[in-house]
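In what follows, a structure is listed as structure tokens, so that the remarks can point back to it.
The values are calculated or read from the model by the stated rules, or taken from the named source; none is laboratory data. Only a predicted model underlies this, so the values are computations on that prediction, with no experimental measurement involved. Because the Cβ atoms are built from the backbone with ideal geometry, glycine has one as well, and the counts that use them run over all protein chains shown. Side chains are part of the model used for accessible areas, which takes the heavy atoms of the whole protein and leaves out ligands, DNA and RNA. Shrake-Rupley method; radii C 1.70, N 1.55, O 1.52, S 1.80 Å.
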Amino acid sequence: MIGPKKTPKDFGFKDGDKHVVINDASRTAKAYDFHGKLLWEVPCLPEGQYGDYRVNSGDTPPGLYKIGEVYKDYDRLGPNASYDRTLMAYGWYSFDLIELENQEAGNGRAGIMMHGGGSACGWPGAWAPMQPLYSTHGCVRMHNQDLRDKLLPLTKSGTVYVSVYQHDL
């Protein structure tokens, strides 16, 4: 596996901050608090449509990120949202991942996120709480309900760092 070269401590990791570790081999996301306590573990899919993180539509580039802007479409529209192509693709919540190791620019692409939905799920399947996890164009895919109930609460206090581990090419 290949992963970050740096750790959250290199960026001021402090009490109140969280660390989410994405592992492509186990297809899991595990969240830890500042003291190393495991908070939760849920399924995720950091696989792109091509098994190479160096290409567009490939796997999520390995490395360390932090969560930036959060798009809360479920809070705005509720459980019975009307069909929308963007909602179908990204689901209830979308979390911008800000690169901390130049991994996106170094791989010639940007815009990596953690999100739900999934165009392959169709509508309203992509808006379901536990929609199937299909590969994306390079983002980390999680169940809509896990994004709301697990990841979103972590953003309420401190910084959320995200380490992505991928198969070594």
ask   = Within the stretch 7-57, how many residues are more than 21 Å from Gly116 (Cα to Cα), of a type in the set (S, T, N, Q) and under 17 Å from the mean Cα position of the chain (by Cα)?
value = 0
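Which of the residues spanning the stretch 42-66 are in a loop (DSSP other than H, G, I, E, B) and aliphatic (A, V, I, L, M)? Before the answer, list the steps.
Kept after step one, since they are in a loop (DSSP other than H, G, I, E, B), are these residues of the stretch 42-66: 46-47, 49, 51-57, 59-62.
Listed by number, the list holds a single entry, Val55.
Looking only at residues in the stretch 12-41 that are among the hydroxyl-bearing types (Ser, Thr, Tyr) and assigned to a strand (DSSP E or B), which one is least open to solvent (accessible area, probe 1.4 Å)?
First pass over the stretch 12-41, keeping only residues among the hydroxyl-bearing types (Ser, Thr, Tyr): 26, 28, 32.
Then keep just the ones that are assigned to a strand (DSSP E or B); that gives 28, 32.
Details: Thr28: 19, Tyr32: 63 Å².
Per the stated criteria, the residue is Thr28.
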request  = Quickly run through the stretch 52-65 and pick out the residues that are in contact with a strand residue (DSSP E or B) (Cβ under 7 Å, 6 or more places away or on another chain) and open to solvent by 20 Å² or more (accessible area, probe 1.4 Å).
outcome  = Asp52, Tyr53, Ser57
query = Out of curiosity, is Lys37 among the basic types (Lys, Arg) and either under 19 Å from Ile98 (Cα atoms) or in contact with a strand residue (DSSP E or B) (Cβ under 7 Å, 6 or more places away or on another chain) (or both)?
reply = no
request  = Spot the failing condition for Met130; the list is (1) closer than 17 Å to Tyr74 by Cα; (2) open to solvent by less than 10 Å² (accessible area, probe 1.4 Å), and only one is missed.
outcome  = (2)
